[in-house]
Amino acid sequence: MEVLLTAERIHARVTELADEIARDLDGRPVTVVGILTGCLMFTADVIRRIDLPLRVAFITASSYRGETTVPGLLEIRDELLPDIAGRHILLLDDILDTGKTLTRVVAHLIDRGAVSVKVGVLLRKTGRQEVPFEPDYVGFTIPDKFVVGYGLDFNDEYRHLPFIGVLSAGE
Ligand code: XMP
């Protein structure tokens, strides 16, 4: 597999991002919300650098594949989300692709009473965005290739890889 981002590069950049996030929070307590499952490693690495009062929560957002529903409809599940009314949120996701997921999830969190929602993505693919959405923090901008590792999967495999690689046909 072609390695796009080594574990060392990821570590260095995530450390930088987390420090920037911590500075911007300026002492304000925050609820970090990760979008499962791709956010796994990114979230774990970011929160360990933030020395502030902090809560961690997770939600899922998946394209619904039910036969009777409209294709492409996003199903957000937030049973594990604590009360976020009046809280500042840092929403973390693995990758910004079309932008549909993050647009919907931000609206959902505001709907649940969040005071503010800042968004951090580890990766942003070039030339793929379909809806206007500007994340507050971006780790790396990458070419339009399917990537796995450091939380990202193909068929739920490869998430455990410490690097990010480009999956090619046959792998
Ligand atoms: P949208 O299009 O809503 O979707 O921005 C973002 C979600 O799409 C998935 N995604 C990928 N997952 N490798 C992956 O493992 C990729 O290259 C990739 N591109 C998009 C991912 O779940 C992300 O949260």
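The values are calculated or read from the model by the stated rules, or taken from the named source; none is laboratory data. It should be emphasised that the depicted structure is a prediction, and the values quoted were computed from it without experimental measurement. Accessible surface is based on the protein model in full, side chains and every heavy atom, while ligands, DNA and RNA are left aside. Shrake-Rupley method; radii C 1.70, N 1.55, O 1.52, S 1.80 Å.
Computed across segment 1-61, the Kirkwood hydrodynamic radius from all distinct Cα-Cα pairs reaches 12.6 Å. Pair-distance distribution of segment 73-171: all C-alpha pairs, bin width 10 Å, starting at 0; shares per bin in whole percent are 14, 41, 33, 11, 1.
Rounded to a whole number of µm²/s, how large is the Stokes-Einstein D of segment 28-126 at 25 °C and 0.890 mPa s, given Rh as the Kirkwood radius over C-alpha pairs? Value of D from the Cα-based Kirkwood radius: 176 µm²/s. Note that segment 69-171 presents 51 Å² accessible area per residue, ligands and nucleic acids not counted, probe 1.4 Å. Over all directions, the projected convex hull of the C-alpha atoms in segment 82-139 averages 3.7 nm² in area.
With every protein chain in place, what's the accessible area of residue 87 (1.4 Å probe, Å², nearest 10)? Rounded to the nearest 10, that gives 40 Å².
Expressed as a whole percent, the proportion of Cα-Cα pairs in the chain lying more than 25 Å apart is 31%.
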